[in-house]
Every structure is written in structure tokens, then in C-alpha cells.
């Protein structure tokens, strides 16, 4: 592989211009040449596998294989044979020898996605590979040598799992040479519209449209204020859906929840217009003139809590969605003003 090809690979989909994104990329570039394990911690949809791919191709192992395994996608009983392979006759159906991911990744990188889902007995074997570079295939007794850099990823709290006895502390110590936290989309200020325009243009090209999509101000505002629990993956789906549904290149309607039923007696369709309406309703009904800043903030929060609970018919999860808050964030805010809301669930 030529150096130019390597540069092209590490640039794929690594899009962003926010400070948090560029800072993360800098950390990634700094640790890539160091031949040690790395853990990538981040919410779903933040691009952990993409980060692992870049880590590999920026490393000194870039000409070696990049092998991946999603540990959460396999039954616990299958993970061992997938990682270490097996000998002929090791179990019913093992009609021939099969090499595992550790063997296939020799001289390269092994990416273990959702590493927290690996059973304890398999963690013990992984620890031996990390410490000594050897393992045995399932059903075998011959040691197999391998030279692999492990990159793990998860959205779980590995420290907490270790304290609960569900993740080996020794293994966690060996894998955590560097721990990088992938920034969630909501913390990447300025990147939401940047990425949205990128996904929109690609979708328009796929549909054979000549005019490039443009988001209206309400649509752009809705995209920027949405919480994005699913991060980049969710943004991509939302934008592509908006482009294909639009009859013109001006995107006005943003539907965040595709599961909303048009036959529901309690419509909860969240669109760009809904976001603008909530802000306008708050601004028109509360007078902040001559209010101290702290009082104004409390008044606005209480007002919006009341509006959201009323509009959601006191369904707290729906109210949280309307305010672009997680359920825990909403409950914390509600507890803060419990004595001042003056409402009762119906």
C-alpha cells in the first residue's frame, strides 16, 4: 500500500472542525505510534470503530491486518472460539482447524468492540496473550504465538464492572495504557450542521439531484438544539430521511422520531417547527424585564417544565424528549423545582 493510500484511508469520514473533535484527533494521533493497548470510551454512534481504524492506519502497524470483533454480537459461548480459533474435533461440528481473530491479526491490530461483554473466563486468556503473546486454540494444547495490538471500545463503565467482579482488574490495568473518550455529538459545537450538510449532499448525490440541499433556519436550529442520543449515526439517518422526503432543495421538515404514528391520539412528532414554537411560547409568556439573572433562569426553567409536562399530558419521558433532555436530566430538574411547579399529574 502506498503512502498516499494510507493518507486517504485515515481521512475517511473523519469530519469535524470543533475544538473537542480536533482535540480528540490530536490525542489519537499522539498515541497511534506507541505500540500499546488503547481503550476508546464513548456513547453509541460516536464513531468508535472509525477512531480505531484511524488509530491503526496512523500506527507503525498500518501495513498489517486490522481485524475487528463485536463482542456484544456473539453469544458468550462463541466468543472464545472466535478470538482464539479451534482445533479439529474440539466440539461437535468442528470438522477442521480454524484460526481465530488473534491469529488473523498477527503483526496488526485487533479491535474489540463492546469489550465489556467478554466473559471472565475468556478475559483470562486475553490477559495471557497481552502479557506473553501466546495462546492455545480451543481444543488444542500447542501454544500459538501472536504479535497483536489490542484496541478496545465500549460505552460501559469498565471501572464499575471491575468493582462488581465482571471485568478482570488485571486485564483492565494492562489494556488501559491510554484511555480516550470519544466526544458525543452534542459536545462538538459547530460540527452538527457541518456533518448535516455533508450527509445531505451525499444523499442528494445518491438520489441523482443536481441542486444541493439547504436547511432552513428553523430546521438548522432544530438540528443544533436536539440532544442526539444516537450521535452521528442518528444524525445521518435524520438528515438522509429529511432530504429524500423533501420535494425541493430547501429542507424545512426535520422528523427526529420515525416511529411516530400518524394515527396517534397524542401526536408527539418532533419537527423543526415544534422547536421554534416552544422557544416562541416561552419568550412571549414570560417577562424577564428587570429580573436578576438567577431568577430569570429559574423562571424560564419552571415555565418550560410546566409547558412540557402539560403538552406531554404529564408523561415525563415525553416531556424530557420535548426539552431535549435525557430522562435523568429531566427528573433532576423537576426535583429541583418540585415545590414551585404547582401541577399535579392527571
Among 330, 259, rank each residue by its count of other Cβ atoms within 10 Å, from fewest to most, as a rough exposure measure. 259, 330
Rounded to the nearest 10, the angle in degrees between the Cα long axis of helix 48-57 and the longest principal axis of the Cα atoms of the chain comes to 50
How much length is gained if the chain between residue 60 and residue 315 is pulled fully straight, taking 0.36 nm per residue apart and subtracting their Cα-Cα distance, in nm to one decimal? 86.5 nm
Only bridges whose two residues both fall in the chain count here: according to DSSP, what percent of them are antiparallel, nearest 5? 15
For the pair residue 206 and residue 263, the simple spin-label estimate (label points 7 Å beyond Cα toward Cβ) gives in nm 2.9
Give the distance, in whole Å, between the Cα centre of segment 131-148 and the Cα centre of segment 216-244. 47
Do you know the relative contact order of segment 3-183, to the nearest whole percent, from alpha carbon pairs under 8 angstrom that are 6+ apart? 31
With angles folded into 0 to 90 degrees, how steeply does helix 231-245 sit against the dominant principal axis of the chain? Use alpha carbons for both and round to 10. 60
Is the C-alpha gyration tensor of segment 61-111 telling us rounded, prolate or oblate? Criteria: a/c under 1.5 is rounded; beyond that, a/b larger than b/c is prolate, otherwise oblate. oblate
Alpha-carbon Debye profile of segment 286-336, log10 I(q)/I(0) at 0.20, 0.25 Å⁻¹: -0.66, -0.89
How much length would be gained if the chain were fully extended between residue 143 and residue 328, taking 0.36 nm per residue of separation minus their Cα-Cα distance, in nm to one decimal? 61.7 nm
Tell me the relative contact order for the chain as a rounded percent, counting alpha carbon contacts under 8 Å between residues six or more apart. 16
Three semi-axes of the equivalent ellipsoid, segment 134-231, Cα gyration tensor, whole Å, largest first: 44, 21, 11
With 29 Å as the cut-off, how large is the P(r) tail for segment 3-183, expressed as percent of Cα-Cα pairs? 21
I'd like the distance between the alpha-carbon centres of segment 296-325 and segment 98-126, rounded to an integer number of Å. 46
Directionally averaged projected area (convex hull, Cα atoms, the chain), nm²: 24.3
Exposure proxy check: 253, 247 ranked by fewest other beta carbons within 10 Å? 247, 253
Given segment 186-251 reduced to its alpha-carbon atoms as identical point scatterers, what log10 I(q)/I(0) does the Debye formula return at q = 0.18 Å⁻¹? -0.59
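Calculate the FRET efficiency for residue 120 and residue 19 from the Cβ-Cβ distance with a Förster distance of 41 Å, rounded to the nearest 0.05.
Working from the Cβ atoms, E equals 0.55.
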On a 0 to 90 degree scale, rounded to 10, what angle separates helix 293-311 from the longest Cα axis of the chain? 90
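Bear in mind these aren't lab numbers, they're just calculated from the coordinates by the rules spelled out. Quantities reported herein were computed from a predicted structural model and do not represent experimental measurements. Every residue, glycine as well, gets a Cβ built from its backbone with ideal geometry; the counts of neighbours run over all protein chains shown.
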